[in-house]
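What follows is a short report on a single structure.
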């Protein structure tokens, strides 16, 4: 008996019983194979779907962890900044002030003792060969230049030539004056630096504001001997606002020269707020 197989399965219209049973077995095998294949395909599809779900979950987890890590880094950086600020404040609270007098003529009860000791300890000022500081002497513009360049570690380029016509290349403070001129801190007047002249109090104000980049004052202070139209009033007003000078409301005496002790007081206050008396 012939067996016809069609695309739809098995054509068994003329089977004997034995052939029919064999045909049924074969048919069931074909059907079972189809079901099994479908199950296998379904299983593979499920596994693929599971893998994709796991992969998507893994990507989400990675992104969450990355965001959390970045947030932790930002918080850590902020905390480090806070700690550095705290350390700076703690460090600024107690500057190094040697207890033993460093100059024979500046005793422990001298009104500018701490400031002079502080600047000498910082190698900003020096005394004379005699061992004296001569605090009452007028400070010159060249001496001021040496103090500022030492404190701020300022230099001019090696090939820079000073513009001031009254400072020769062999002048003892040429490098310091050149550095202040180069950085725009001390520019002189009418092309002259006048290095041996005494430093006026108004000039002192201008130098400190420029050297330490002191911020503009929010308040306008009054003085009995100068008004807002005075040439250096803005700088004088700034040092009053910073409590570097205590003459607000009184006479500032802008044209008076500055003593070595006075400049030490002003400069120490500009360098470290520890020396400022805000009362």
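The values are calculated or read from the model by the stated rules, or taken from the named source; none is laboratory data. Computed from a prediction, not measured in an experiment: that's the story for all the values here. Methodologically, a virtual Cβ is constructed for each residue, glycine included, from the backbone with ideal geometry; neighbour enumeration extends over all protein chains shown.
In a loop (DSSP other than H, G, I, E, B) and modelled with pLDDT under 95: does that describe residue 228? It is false that residue 228 is in a loop (DSSP other than H, G, I, E, B) and modelled with pLDDT under 95. Take residue 263 and decide whether it is closer than 30 Å to residue 155 by Cβ and touching a helix residue (DSSP H, G or I) at 6+ places or on another chain (Cβ under 6 Å). Considered against the rule, which asks whether it is closer than 30 Å to residue 155 by Cβ and touching a helix residue (DSSP H, G or I) at 6+ places or on another chain (Cβ under 6 Å), residue 263 comes out as no. Residue check: is residue 157 surrounded by fewer than 16 Cβ atoms within 10 Å (Cβ to Cβ) and farther than 25 Å from residue 277 by Cβ? Criteria met by residue 157. State yes or no: is residue 170 without any contact (Cβ under 8 Å) to a residue 60 or more places away in the chain and at positive phi? For residue 170, the condition - without any contact (Cβ under 8 Å) to a residue 60 or more places away in the chain and at positive phi - is not met. For residue 105, state whether it is farther than 19 Å from residue 200 by Cβ, at pLDDT 95 or above and more than 37 Å from the chain's Cα centre (by Cα). It is true that residue 105 is farther than 19 Å from residue 200 by Cβ, at pLDDT 95 or above and more than 37 Å from the chain's Cα centre (by Cα).
Residues in the stretch 169-191 that are outside any loop (DSSP other than H, G, I, E, B) and more than 27 Å from residue 227 (Cα to Cα): 9 in all.
Answer with yes or no whether residue 191 is surrounded by fewer than 16 Cβ atoms within 10 Å (Cβ to Cβ) and over 32 Å from the mean Cα position of the chain (by Cα). So residue 191 passes the test. Given the residues 150, 142, which is the only one that is more than 15 Å from residue 261 (Cα to Cα), surrounded by fewer than 18 Cβ atoms within 10 Å (Cβ to Cβ) and out of contact with any helix residue (DSSP H, G or I) (no Cβ under 6 Å at 6 or more places or on another chain)? Sole residue among the options that is more than 15 Å from residue 261 (Cα to Cα), surrounded by fewer than 18 Cβ atoms within 10 Å (Cβ to Cβ) and out of contact with any helix residue (DSSP H, G or I) (no Cβ under 6 Å at 6 or more places or on another chain): 150.
Restricting 94, 99 to residues that are exposed (fewer than 10 other Cβ atoms within 10 Å of the Cβ), touching a helix residue (DSSP H, G or I) at 6+ places or on another chain (Cβ under 9 Å) and at pLDDT below 95 narrows the list to 94.
Among the residues of the stretch 195-216, those that are surrounded by fewer than 17 Cβ atoms within 10 Å (Cβ to Cβ) and out of contact with any strand residue (DSSP E or B) (no Cβ under 8 Å at 6 or more places or on another chain) comprise 213, 215, 216.
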